[in-house]
1. Explain nothing, just compute: Karplus ³J(HN,Hα) = 6.51 cos²θ - 1.76 cosθ + 1.60, θ = phi - 60°, for every residue of the range 143-154 in order, whole Hz, x for Gly and Pro.
2. Can you list the residues, at least 5 places off or on another chain, whose amide H is less than 5 Å from the amide H of D159, using H built in the peptide plane?
3. Order these by the 10 Å Cβ neighbour count, fewest first: L164, L121, L150.
4. For T58, which sequence-distant residues (separation of 5 or more, or a different chain) have an amide H within less than 5 Å of its own amide H, given hydrogens modelled in the peptide plane?
5. Relative to the compact globular guide of 2.2 N^0.38 Å, what is the alpha carbon radius of gyration of the chain, as a ratio?
6. Per residue, what volume in Å³ does the Cα convex hull of the range 1-41 take up?
7. How do S181, S192, S146 line up, fewest other C-beta atoms within 10 Å first?
8. Which loop-located chymotrypsin sites (Phe, Trp or Tyr not before Pro) does the range 27-97 contain, where loop means any DSSP state but H, G, I, E or B and the Cβ has at most 15 other Cβ atoms within 10 Å?
Amino acid sequence: MGLLLIDTVNEVFSEKGKLYPTFKDEFDRIGTFENLKRLLTGARQHKLPVFFAPMSYTEHDYTTWKHLSGIHREMFDNREFAAGSWNADFHPELSPIDGEVVITPHKNIDVLANTDLGVQLRQHNVEYIAIAGMIGTHCVESTARSCMELGYHVTTFTDATAALGGRAAYDAMVQRYPTISHATLSVDEYLSAVGAALKN
């Protein structure tokens, strides 16, 4: 078993981050930030391998990419997730500690397709992967789909992410998650299930 946290960086989770205002209301409604902290603490208590997947772009990326999707155009125009900046740093309360794995920064939505995540999961003998973080309708969902397609057992969360598009997008996302993952749980349900599995 392992836990993947996507984009737990200042850009998204700190009040001065460029994307924080976009998600603040949903974070407050869902309890996303506090739930992620509890999830990370629980994973560490259970001694699960934890993988952190940050996003970052260089000035070269911003100025040379030929085909930009809508979300890339928005990020590039606003210079979001700038490599080496405070914005691209992990949020202090959602940061890796010694022994935890930082995946190479991803530049597209699917973390598995564009980084060393697959190698790292294999090296740590992870078959059951739980995926949380941001954005629930983009990176989390795309990565969950890819992991499922490659035969990993995937858990997604109802309360450790948020959707781009507010409550309506969140409701639709939570309805999709069970079709692309093997379990869709709250943080409490997941940590309880992990604890029970480790006792057996």
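Readers should treat all values here as calculations from the given coordinates under stated rules, not as data from a laboratory. Only a predicted model underlies this, so the values are computations on that prediction, with no experimental measurement involved. A quick note on method: Cβ atoms are made from the backbone with ideal geometry, for glycine too, and the neighbour counts reach across all protein chains shown.
1. My calculation for the range 143-154 gives 5, 4, 4, 5, 4, 4, 4, 8, x, 6, 8, 10 Hz in order.
2. Counting only residues 5 or more places away or on other chains, the set is V187.
3. Ordered by Cβ neighbours within 10 Å, fewest first: L150, L164, L121.
4. A83
5. This ratio for the chain stands at 0.96.
6. Dividing the Cα hull volume of the range 1-41 by its residue count gives 72 Å³.
7. Least crowded to most crowded, the residues run S192, S146, S181.
8. Filter output for the range 27-97: W65.
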